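Peer 1: Please find one structure pasted underneath; my questions will follow.
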Amino acid sequence: MGGLDQDKLLSLYETMLRIRRFEETVAKLFYGGEIPGFVHLYIGEEAIATGVIHALRKDDYITSTHRGHGHLIAKGVDLKKLMAELYGKETGLNKGRGGSMHAVDVGIGVMGANGIVGSGIGLAAGVALAVKYRGKDNVVATFFGDGASNTGVFHETLNMASIWKLPVLFVCENNMYAATVPVKKSLSVDRVSKRASAYNIEGVTVDGTNVLEVYETAEKLVKEIRNGKGPALLEALTLRVRGHFEGDPQHYRPKDEVDEFLREKDPIVKFRNYLISNGFLNEARDNEIRSKVEKEVLEAVEFARNSPYPKPDTALEYTYSESKLTYKEPPPGSRAITYVEAVREALDYEMSRYDDVIVLGEDVVAAGVWGVTKGLAAKYGADVRVIDTPISEDGFTLIAVGAAMAGLRVVVEHRFADFLYLAMNAIFNHAAKLRYMSGGQFKIPILVRAAIGAGISAAAQHSSTNASMFVNHPGLKVVAPATPYDAKGLFLASIRDGNPVIFLEHKKLYRMSGPVPEEEYVIPLGKASVKREGSDVTIVTYSYMLHESLEAAKELKERYGIDAEVIDLRTLYPLDRKTLKESVEKTMKLVVVDEGWGPCGISSEVIATVEEEAFGYLDSRPVRINTGHAPIPFSPTLEKEILPSKEKIVRSILTLFRR
Ligand SMILES: Cc1ncc(C[n+]2csc(CCOP(=O)(O)OP(=O)(O)O)c2C)c(N)n1
């Protein structure tokens, strides 16, 4: 059939058997208490991974799902390392940091299984963007379930992949259920492949229990994708034979459904019958293959059992990649430019020297809403290195993460920090976690720029200063420069750091002008700046509130003789504990001015840090001045009332001095 030779046919068969034996063994081990966590088995779906992946080249990529063992095995994973990962052992693929649902093997093009339904689809498109940008001809196959085809990421990504003609094969494994919910209740169409037409790409449905049909269809689609046709959607129909997870009581499904499927459609039995009746396989050869597979699986179990667990004292390793930058903070000089120009100059500098830097975001070709990317599209290629995205925040941020996983450095623009809420999945579940979860296999150098801040009557959905939530989450660094000088030096540090950095720019700073050296310089992340020295009270702040604080310090000195030291944090994570300690030990008074809200905020963190680092030094209660605990109002009178200001800072400090 289809001109496949015996070796190829038997290798398909062997792969399917390898997956089946692995999964059956995992079930036993799981029920025996050897494998922790959850396992989602792939039995009944073997023909899909096998058919699709055999149609790929070795150097092609895949992304996988929570039900991913089969995909990895078909891609050629070392069973020992996969099994050890399921056990949570140091010798596992991800060094025990990921487990069954998150296995990664970058070396063989497995860009990750994924526990967040649908997200592998966006990451795959990002990998494909990097492939296309580099002018390579690899294809990325992304596997996902029928349930995932209802996620926003699926729809956003198909749209972008189609517009950008990305080399992605979307493979929907329609196993008739998403957890307990049958497809009849969750799909608006009778075939997921019909959804392709909404995105102007080819959509095909095949019998996912027929490995040859899957293989031949995938092969045709992969060839077309590799030749530049753009993405396609392949839906493969099968049945999830096991529960959603092992231990699932499965009360929701008809009793005889699985037996009937296995009787009539078991993909392995069907293929075996085909091979035997066409003279490609006999019993002796079958036994030989089965014994070989059995031995491999048993050896994998032995390996996993005998492997060590990770040492407890390594629990924090792999959260961040180490950055080795050369830092300098040259004198400011006499040239003055605006904050927008400073950010642009840094970005332009980096793009002009390194072709691995690209920019993604809404309206970035035209200049971006704040003008930061003005002129860059003309210089570096509109929609090549400066890429306009549809309004698909989760999707394009995931694509940025995927492209970063594949080796690009990606600057992502979100015009308002409030819109970052739409990209929380991309930022928290992926940018922040994937390095750790992959046991250090991924590096995710993305720089997410966003405009924070109130004070321009933009109202609650365009005014948030939401830095603290990013600070709270491991895996991210958070930067919020307050001056053009710092913006340039910190931008270069952030884009070169090798970690995901949330780079927050305050709207009221964009037009502010200040001295910026023309030369290249890199300001270290995690180093605060004492913007005004003083001996009576320490004011700690960041971003636009630096300027209100400096004004307040000036008035305090001139009118009341109070000498305030003003510290600009510049980087919110990691925090510069040393500078805080030294200042408070000198002044013994602490006021934190934070445009974010109070609870669990930057101000709380600064106060906690000071208590830890300089316990007993404060001679009065620490003061925090935050935005009032309400969404930012529209009306100027209300907005002024709610925000920290020079007047509020002066008043608070006078109270501290009992004036
Ligand atoms: C975003 C998200 N929502 C919900 C879940 C919980 N969950 C895990 S798998 C799953 C079902 C997924 O169904 P489908 O995409 O069809 O894949 P299948 O499990 O059938 O292989 C659900 C609801 C999740 N992990 N991620």
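Peer 1: For ILE502, are the conditions met, namely being of a type in the set (A, V, I, L, M, F, W, C), assigned by TED's automatic domain parsing to the domain that holds THR373 and part of a helix (DSSP H, G or I)?
Peer 2: Values: of a type in the set (A, V, I, L, M, F, W, C): yes; assigned by TED's automatic domain parsing to the domain that holds THR373: yes; part of a helix (DSSP H, G or I): no.
Answer is no for this residue.
Peer 1: Could you look through region 571-591, keep only residues that are assigned to a helix (DSSP H, G or I) and buried (at least 24 other Cβ atoms within 10 Å of the Cβ), and pick out the one that is nearest to the chain's Cα centre (by Cα)? Talk me through it step by step, then tell me what you get.
Peer 2: To start, the set of residues in region 571-591 that are assigned to a helix (DSSP H, G or I) comprises 577-587.
Okay, now just the ones that are also buried (at least 24 other Cβ atoms within 10 Å of the Cβ), so 580, 583-584.
Working: LEU580: 32, SER583: 37, VAL584: 37 Å.
If we take residues in region 571-591 being assigned to a helix (DSSP H, G or I) and buried (at least 24 other Cβ atoms within 10 Å of the Cβ), then LEU580 is nearest to the chain's Cα centre (by Cα).
Peer 1: Looking only at residues in region 141-150 that are open to solvent by 10 Å² or more (accessible area, probe 1.4 Å) and part of a helix (DSSP H, G or I), which one is nearest to MET101 (Cα to Cα)?
Peer 2: We begin by selecting, within region 141-150, every residue open to solvent by 10 Å² or more (accessible area, probe 1.4 Å); these are 145, 147, 150.
Now narrow it down to the ones that are part of a helix (DSSP H, G or I): 147, 150.
Values: GLY147: 16, ASN150: 20 Å.
Out of the qualifying residues, it is GLY147.
Peer 1: Considering VAL192, VAL181, VAL153, which residue is among the β-branched types (Val, Ile, Thr), within 14 Å of the ligand (Cβ to nearest atom) and surrounded by fewer than 21 Cβ atoms within 10 Å (Cβ to Cβ)? Give the steps one after another, and end with the answer.
Peer 2: Values: VAL192 fails: surrounded by fewer than 21 Cβ atoms within 10 Å (Cβ to Cβ); VAL153 fails: surrounded by fewer than 21 Cβ atoms within 10 Å (Cβ to Cβ).
Just a single option satisfies the conditions, and that option is VAL181.
Peer 1: So, of the residues in region 116-140 that are in a loop (DSSP other than H, G, I, E, B) and open to solvent by less than 30 Å² (accessible area, probe 1.4 Å), which turns out to be farthest from the ligand (Cβ to nearest atom)? Reasoning before the result, please.
Peer 2: Here is the first cut: in region 116-140, the residues in a loop (DSSP other than H, G, I, E, B) are 116-118, 134-139.
Pick out the ones that are also open to solvent by less than 30 Å² (accessible area, probe 1.4 Å) and you get 118, 138-139.
On the way: GLY118: 6, ASN138: 25, VAL139: 22 Å.
Selected residue: ASN138.
Peer 1: Output the residue which, of all residues in region 156-178 that are of a type in the set (Phe, Trp, Tyr) and outside any loop (DSSP other than H, G, I, E, B), is most open to solvent (accessible area, probe 1.4 Å).
Peer 2: The first filter runs over region 156-178 and keeps only residues of a type in the set (Phe, Trp, Tyr), leaving 164, 170, 177.
Subsequent filtering for residues that are outside any loop (DSSP other than H, G, I, E, B) retains 170, 177.
Values: PHE170: 0, TYR177: 18 Å².
My answer is TYR177.
Peer 1: Got at least one residue in region 3-12 being in a loop (DSSP other than H, G, I, E, B), touching a strand residue (DSSP E or B) at 6+ places or on another chain (Cβ under 9 Å), in contact (Cβ under 8 Å) with a residue 12 or more places away in the chain and open to solvent by 10 Å² or more (accessible area, probe 1.4 Å)?
Peer 2: No, region 3-12 contains no residue that is in a loop (DSSP other than H, G, I, E, B), touching a strand residue (DSSP E or B) at 6+ places or on another chain (Cβ under 9 Å), in contact (Cβ under 8 Å) with a residue 12 or more places away in the chain and open to solvent by 10 Å² or more (accessible area, probe 1.4 Å).
Peer 1: Take SER197 and decide whether it is in contact with a strand residue (DSSP E or B) (Cβ under 9 Å, 6 or more places away or on another chain), away from the ligand (no atom under 13 Å from the Cβ), among the small types (Gly, Ala, Ser) and open to solvent by 40 Å² or more (accessible area, probe 1.4 Å). Break it down into steps so the answer makes sense when it comes.
Peer 2: On the way: in contact with a strand residue (DSSP E or B) (Cβ under 9 Å, 6 or more places away or on another chain): yes; away from the ligand (no atom under 13 Å from the Cβ): yes; among the small types (Gly, Ala, Ser): yes; open to solvent by 40 Å² or more (accessible area, probe 1.4 Å): yes.
Yes; evaluated as a whole, the condition is true for this residue.
Peer 1: Say we look at region 231-262 and pick out the residues that are crowded, with 17+ Cβ neighbours inside 10 Å and not in a loop (DSSP other than H, G, I, E, B); which of these is farthest from the ligand (Cβ to nearest atom)?
Peer 2: For region 231-262, the residue satisfying everything is ALA232.
Peer 1: On to the next question. Kindly provide the set of residues from region 263-316 that are free of Cβ contacts under 8 Å to residues at least 12 places away in the same chain and in a loop (DSSP other than H, G, I, E, B), ordered by number.
Peer 2: Listed by number, the residues that qualify are GLY279, ASN282, ALA315, LEU316.
Peer 1: Can you spot a residue in region 331-349 that is under 30 Å from ASN174 (Cα atoms) and of a type in the set (A, V, I, L, M, F, W, C)?
Peer 2: So the first thing to find is which residues in region 331-349 are under 30 Å from ASN174 (Cα atoms), and the list is none.
Looking through region 331-349, none of the residues is under 30 Å from ASN174 (Cα atoms) and of a type in the set (A, V, I, L, M, F, W, C).
Peer 1: Scanning for something within 22 Å of the chain's Cα centre (by Cα), closer than 20 Å to VAL293 by Cβ and either modelled with pLDDT of 95 or more or within 13 Å of the ligand (Cβ to nearest atom) (or both), does region 84-92 turn up at least one residue?
Peer 2: yes
Peer 1: Just give me the residues in region 58-77 being over 23 Å from PHE271 (Cβ atoms) and open to solvent by 20 Å² or more (accessible area, probe 1.4 Å), in sequence order.
Peer 2: Result: ASP59, TYR61, HIS66.
The values are calculated or read from the model by the stated rules, or taken from the named source; none is laboratory data. Just so you know, these numbers come straight off a predicted model, no measurement behind them. Here Cβ is always computed from backbone atoms with ideal geometry, including for glycine, and neighbour counts include all displayed protein chains. In case anyone asks, the SASA skips ligands and DNA or RNA and just uses the protein heavy atoms, side chains included. Shrake-Rupley method; radii C 1.70, N 1.55, O 1.52, S 1.80 Å.
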